[in-house]
1. What ranking, highest mean first, results for peptides 180-189, 138-147 when packing means the other Cβ atoms within 10 Å averaged over each residue?
2. Round to the nearest 0.05 the FRET efficiency obtained for residue 217 and residue 195 when R0 = 41 Å and r is the Cβ-Cβ distance.
Amino acid sequence: MKAAFTGSTGAAAAPDTAVRKPRDGGLARRAARLLRRGGRPVLVLYTLALGGGLGLVSADWATRGGYPFGGVRIGAWIAWPRAGATNADPYTRAVNARRGEIPLAVGEGLLLTAAEDDAGRTLDATCTYAVAGAVPPARAWTLTVAGRGARDPDRPLMREGFTSTEILRRPDGRFEIVLAPTAEPGNWLPAPRAQGPMRLALRLYDTPAAASIASIDRGSVPTITRRDCAP
């Protein structure tokens, strides 16, 4: 019987020690295999879960900021004449519910908001702004500032707005409110956070402008001018 030799050196053949890389199935491949094995029931459940997830994400995005529909732009401000209407769209009602606010009903007043200055730049908490001029005719009004998102818990509670009865005015009846991160003389409105975007809200109570937005022109709303920003 013939003996088997591996070569002239007589050494046994070395086993294949190459490390095989594991297959990179990935999440998509695993999901595809699961769908093929489970058949139609798994496909239905997957579709429902995907649709529900996308629906929740889109609803959260649409109601996280301001009202998505129905605004009328006037300079840097946007008027929302239907925010408190009984037939307001579902997104508007969802925003009101999420904020926990009771909007002004049609005939009671009008809400205007501003997230940018007159140059179209986003309001930044590190910058100083002059909100000056006049407001449309109204029995009373308030001007408040808020940050986008949750309030900074480490920041002390300070003034969040002014009312028409406490504002300091010039001899001609016009006013100037300085929105700034540090104290300013006169009508100082502190920034609601150390940094990040801000939003102003101007609420007019018992105003004829609520019945006709066309009566509000560019010169009848306050200007928002950025002065400087912290480095």
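1. Ranked by mean Cβ neighbours within 10 Å, highest first: 138-147, 180-189.
2. With a Förster radius of 41 Å, E is 0.75.
Where a number appears in this text, it was derived from the coordinates with a stated rule and is not lab data. Remember, predicted model here, so these are calculated numbers, not experimental data. Quick reminder, even Gly has a Cβ in these numbers, built from the backbone with ideal geometry, and neighbours come from all protein chains shown.
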